[in-house]
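Data block below; observations after.
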Amino acid sequence: MSNCLGATPQQFTSSPFLPQHGRIVCARCHKGQLHQFDKTQTEEHGWRITNNPLAWGGRTPEVMVLGFSKGPTQKDALAHSRHEDIAYKGGRTELAKILHHIGLLPTPDRELVDRLIADPSGHMHFGSLIRCTVERYDDAIASWVGTGGSMLDGFMRNQFGNEIAKACGEEHLSSLPAQTRMIVMLGLGRNLNYVESCFQLFQSVRPQPWIMLNEVSYTDGDVVVVHTEHFKTQGAHLSNWLSGTAHTRGSFGLQARRAVEFSKKLPLQK
């Protein structure tokens, strides 16, 4: 794939709204089962999705922020936490650092993230690429798990996972509000495999021509998708990503920042 910073806007169909702040009623991927929030489940080839899609923030945002799926911390909070407290639970300080680093927050203040997540008319929308909870069966412990280094890459490479991702993308990413210029994807994957998988997904659900801007971002001329470090990444990955030129991983953070600047130059959709 070639890198380019001279994208040309393409013909694009926009929809007026993203999902409303709250629970999303959708059972598209559950093979005819009725929507029963956090109860309906579908599994195949060692992967499982639980029907509990959620959305936070504005419906006509300038920026979408998407994790991969709800991890165990967020899933466990469904039954006893306020809706506003579930998204990125346990990782909002790290998310604030990420959004500040790429130029989307004035300071790395988690209270800013709290307010944006809770604001149903705000300029940011929060959710996940796969709105249902994704889990894989771990034979070593004979249990379903929702975290681990293989989650992002493994699900996207699996046929079942790829079908789910495409369906969710068609529902929530194929048509976006005219105001939406930027989608922040939290996660890079091993050797940027998650970036590659998502690039292919966006080409599938938004079939106008796409180009790579750099190693961690791409555009169709209407919206820029930029990948950042994950807010729950392990070890020193996040500090290295935030380090600028002090670490090789810092180059991905600098590339993400440049992609955000590029998105501000895109013309508004008609």
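The values are calculated or read from the model by the stated rules, or taken from the named source; none is laboratory data. In this text, all values refer to a predicted model and were calculated from it rather than measured experimentally. Because the Cβ atoms are built from the backbone with ideal geometry, glycine has one as well, and the counts that use them run over all protein chains shown. Heavy atoms of the whole protein, side chains included, go into the accessibility calculation; ligands, DNA and RNA do not. Shrake-Rupley method; radii C 1.70, N 1.55, O 1.52, S 1.80 Å.
Looking across GLU196, GLU229, one residue alone is of a type in the set (D, E, K, R) and open to solvent by 10 Å² or more (accessible area, probe 1.4 Å). It is GLU196. Name, by its number, the condition in (1) of a type outside the set (Lys, Arg); (2) touching a residue at least 40 places away in the same chain (Cβ under 8 Å); (3) under 22 Å from ASN240 (Cβ atoms) that does not hold for VAL134. In the conditions (1) of a type outside the set (Lys, Arg); (2) touching a residue at least 40 places away in the same chain (Cβ under 8 Å); (3) under 22 Å from ASN240 (Cβ atoms), VAL134 misses (3) alone. Only a single criterion out of (1) over 22 Å from LEU99 (Cβ atoms); (2) modelled with pLDDT of 95 or more; (3) not acidic (Asp, Glu) is not satisfied by VAL225, namely (1). Scan region 159-183 for residues that are over 17 Å from PRO19 (Cβ atoms), touching a helix residue (DSSP H, G or I) at 6+ places or on another chain (Cβ under 9 Å) and open to solvent by less than 40 Å² (accessible area, probe 1.4 Å) and the total you get is 3.
Inclusion of SER204 among residues that are closer than 24 Å to GLU94 by Cα, in a helix (DSSP H, G or I) and open to solvent by 10 Å² or more (accessible area, probe 1.4 Å) is not warranted. Each residue in region 159-201 was checked for being touching a residue at least 60 places away in the same chain (Cβ under 8 Å), in contact with a Lys or Arg (Cβ under 8 Å, 6 or more places away or on another chain) and either outside any helix (DSSP H, G or I) or under 25 Å from GLY103 (Cα atoms) (or both), and 4 pass.
If I filter region 139-152 down to residues being open to solvent by 10 Å² or more (accessible area, probe 1.4 Å) and either touching a residue at least 24 places away in the same chain (Cβ under 8 Å) or polar (S, T, N, Q) (or both), which single residue comes out as farthest from TYR88 (Cα to Cα)? This residue is SER143. Residues in region 233-260 that are more than 20 Å from the chain's Cα centre (by Cα) and assigned to a helix (DSSP H, G or I): how many? Total satisfying the criteria: 7. How many of the residues making up region 83-136 are crowded, with 23+ Cβ neighbours inside 10 Å and of a type in the set (S, T, N, Q)? Matching residues across region 83-136 total 2. Looking across region 210-222 at every residue that is touching a strand residue (DSSP E or B) at 6+ places or on another chain (Cβ under 7 Å) and touching a residue at least 60 places away in the same chain (Cβ under 8 Å), the one that is farthest from ALA259 (Cα to Cα) is identified as ILE211.
In region 59-77, the residue that is surrounded by the fewest Cβ atoms within 10 Å (Cβ to Cβ) out of those that are modelled with pLDDT of 85 or more and hydrophobic (A, V, I, L, M, F, W, C) is LEU66. Going by the structure shown, is PRO108 assigned to a loop (DSSP other than H, G, I, E, B), closer than 27 Å to MET156 by Cβ, at pLDDT 95 or above and of a type outside the set (A, V, I, L, M)? Here the answer is no, as PRO108 does not meet what is asked.
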